[in-house]
1. If you check G248, G263, which single one turns out to be at positive phi and touching a strand residue (DSSP E or B) at 6+ places or on another chain (Cβ under 9 Å)?
2. Looking only at the range 235-270, count every residue that is buried (at least 24 other Cβ atoms within 10 Å of the Cβ), small (G, A, S) and within 24 Å of A52 (Cα to Cα) and tell me the total.
3. Hydrophobic (A, V, I, L, M, F, W, C) and assigned to a strand (DSSP E or B), is that true of L112?
4. Taking the options T262, T327, name whichever one is within 16 Å of A37 (Cα to Cα) and out of contact with any Pro (no Cβ under 7 Å at 6 or more places or on another chain).
5. Scan the range 54-78 and report the pairs whose first residue is within 17 Å of L38 (Cβ to Cβ) and of a type in the set (F, W, Y) and whose second residue is open to solvent by less than 30 Å² (accessible area, probe 1.4 Å) and assigned to a helix (DSSP H, G or I), with Cβ atoms within less than 6 Å and a gap of 6+ or a chain change.
6. Is there any pair linking a residue in the range 105-130 that is on the phi > 0 side of the Ramachandran plot to one that is open to solvent by 10 Å² or more (accessible area, probe 1.4 Å) and not hydrophobic (A, V, I, L, M, F, W, C), with Cβ under 7 Å and at least six apart or on different chains, and which?
7. Could you tell me how many of the residues in the range 109-127 are touching a Phe, Trp or Tyr at 6+ places or on another chain (Cβ under 8 Å) and among the polar types (S, T, N, Q)?
8. Go through A199, A195 for me and flag whichever is under 26 Å from the mean Cα position of the chain (by Cα) and without any contact (Cβ under 8 Å) to a residue 40 or more places away in the chain.
Amino acid sequence: MRVLVAPGRVGELSPPEVSRIVATAWREAAPHVEIEALPQIDGGIGTASVLASVFDSAFASGDVDATVVEAHGARVPAFVSADGTRAWLDAAEAEAAGAPGSGTLGAVVAALADAGAHTLSIGLSRTVALDGGRGFVAALAGTAAHEPDADAVRRAAERLVGLRISALVDTDRQLLGFQGASFSAVEELGVTKQAAQAAEHAMGQWLDVVRAAVPARTDLLAGTSIRPERQPGSGAGGGLGFLLAALGAALVPAPAFGARATGLADRIAASDLVVTATGIFDWRVLEHSVLAEVAAAAGALARPAVVLADEVHVGRREQMSLGLQGTYSISRSGWMRPEPLGIAELADELARLTHRVAGTWTPAPRPDVP
């Protein structure tokens, strides 16, 4: 029997870490089973390492580690090809390493461009800033971080000429509105409604600044203007998706891109059981998520798929709508912890859960059964 482990992020555990934990625990519980680990991406931390290992054999073999980029006084890991022309990085890594906002990411991009990189893939999910890319512009333009003007936007755009950027997102939300970056932060980031309203107002003003600096592109087929603030994913990264789109970047759905890059469908076809994992399984991961991508691919190929999660807050009907054959959680289904588990404890609990599930789905052969 062949089991494919294709997880996303679980809490603070990145997809490669989750993949390693689950694959190791499953092998221990069922040594008679062949295990293949294939971590998937959502644009958060771990995205860069997965893509680098897919597109660069040096990273896949483990011969090369991430490059530490010094930017804004922070040390940010990025995966850079041997010739220096291509790089993969995570916005969440840059944000965690530096000051709040997108400024550190902008400084890293500037450093990579100055070093000769011309193709960047940036994971844009799991950030907490709501600056719409102001810090990013300020870092590229060398101006004050809080109030970059239209001239600063133009200078930032000039710094990016000749640079091809793909921004990998896990949402299709636009920049503004009740489903936009600011108001979505009320539930996702815990900001107050008053703070969200203020951020929305500031985002609208920033939109006017960017519009004044960067001419709208034209859809060559429809003949209409392309409005970056309305592009699916422009609200990702606290509005950074909008800024990058305005400066010419492509907004790419991370889970779908990762599935294609890793050859997920082919690996599922060669497997008998698919195991994926997520942190909190609620309505937000029913679409635009690694879980949804893996479940859809498994269903299309008629392969059973099971989910390992920290918490489960959806019912059997929602699980069946994704074509899942089993959902298992560390905590009791429907319960919420007052505080998340620490990384070490979460890793241990995930390994224990994997042992139990492996015993259910891949029990050891019985000598008395032919």
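1. Details: G263 fails: touching a strand residue (DSSP E or B) at 6+ places or on another chain (Cβ under 9 Å).
So the residue among G248, G263 that is at positive phi and touching a strand residue (DSSP E or B) at 6+ places or on another chain (Cβ under 9 Å) is G248.
2. Summing the residues that are buried (at least 24 other Cβ atoms within 10 Å of the Cβ), small (G, A, S) and within 24 Å of A52 (Cα to Cα) in the range 235-270 gives 6.
3. Values: hydrophobic (A, V, I, L, M, F, W, C): yes; assigned to a strand (DSSP E or B): no.
Spelling it out, it is not the case that L112 is hydrophobic (A, V, I, L, M, F, W, C) and assigned to a strand (DSSP E or B).
4. On the way: T327 fails: within 16 Å of A37 (Cα to Cα).
Going through T262, T327 in turn, just one is within 16 Å of A37 (Cα to Cα) and out of contact with any Pro (no Cβ under 7 Å at 6 or more places or on another chain): T262.
5. F59/A52
6. Every condition considered, the pairs that remain are G116/G84; G116/T85.
7. Total satisfying the criteria: 1.
8. Numbers: A199 fails: without any contact (Cβ under 8 Å) to a residue 40 or more places away in the chain.
When all the criteria are applied, what remains is A195.
The values are calculated or read from the model by the stated rules, or taken from the named source; none is laboratory data. In this text the structure is predicted, and so the values were computed from the model without any measurement. No Cβ is skipped: glycine too gets one built from the backbone with ideal geometry, and neighbour counts run over all protein chains shown. The protein model used for the area step is the full one, side chains on, heavy atoms only, and it has no ligands, DNA or RNA in it. Shrake-Rupley method; radii C 1.70, N 1.55, O 1.52, S 1.80 Å.
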